[in-house]
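Visitor: This is the structure I have questions about; it appears just below.
The values are calculated or read from the model by the stated rules, or taken from the named source; none is laboratory data. Remember, it's a predicted structure, so these values are computed and weren't measured experimentally. We place every Cβ from the backbone using ideal geometry, glycine too, and count neighbours over all the protein chains shown. Only protein heavy atoms, including side chains, enter the accessible area calculation; ligands, DNA and RNA are left aside. Shrake-Rupley method; radii C 1.70, N 1.55, O 1.52, S 1.80 Å.
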Amino acid sequence: AFCTPILSHELSHLFENIGTADESKAYHIHADFLIVVDGQEIDLSPDNFMSVAERILHPHVHLHDNNGKVIHFHAPNVTLKEFLSSLHIELTKDCLTIEEQTSCNTDGKELSLYVTGELKTDQLESYVPSDEDKILLFYGAPVAEVINSNLEKITDNACFYSGTCLERGVAPSESCGLTCEL
């Protein structure tokens, strides 16, 4: 992969603990992602959630090209919580806040994290995604059939961007302002 990161001094000093520009050249993984709150899929495809050259939301993790279902990571040790924070979505061990709507564990509803079908709720604030994870952040009644239905809705496109399912073709150029083409 050939990468040319565009990091301003102001942005990079905020994230010194995560990685350097050299690391972001070499580290490039992807995860499929879905947020469901009270039965509604949260649409992360609008422009305000996208990183572009003129507006980089985080120097090491982003969404781009109006695809709100695949997260692109360019440094190790970036948590899901940190990614969400860059989108102005707050995640705590008990609550999820999106656009001033807070959903907390109460009245038979729970905030849960599933990674490739496995419940990881104890890692809500600390989970660091791996390449080709299928991540579901779910808030609602913990009904197995509802959760399983949402797990099935998670896309299978991270492999496309990671270049591990070449039978599906070559991933498009990434126009996020940070990085590269595979």
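Visitor: Taking the Cα centre of segment 99-161 as the origin and placing charges on Cβ (Lys, Arg +1; Asp, Glu -1), which of Ala141, Tyr161, Asn105 is farthest toward the positive end of the dipole?
Guide: Ala141
Visitor: From largest accessible area down, sort His72, His88, His28; use a 1.4 Å probe on the protein chains.
Guide: On the way: His72 5, His88 155, His28 30 Å².
My answer, sorted largest first, is His88, His28, His72.
Visitor: Could you name the lysines in cross-link range of Lys93, using Cα to Cα under 19 Å and dropping any fewer than eight places away on the same chain?
Guide: Candidates past the 8-residue exclusion: Lys81, Lys109, Lys120.
Visitor: Moving to a separate point now. Taking all pairs of distinct Cα atoms, average 1/r, flip it, and tell me the Kirkwood hydrodynamic radius of segment 98-155 in Å to one decimal place.
Guide: Kirkwood hydrodynamic radius for segment 98-155: 12.2 Å.
Visitor: Shifting gears a bit: Give me the three principal axis extents of segment 47-158 from the C-alpha atoms, as integers in angstrom, largest value leading.
Guide: Taking max minus min along each principal axis of the Cα atoms, segment 47-158 gives 43, 30, 24 Å.
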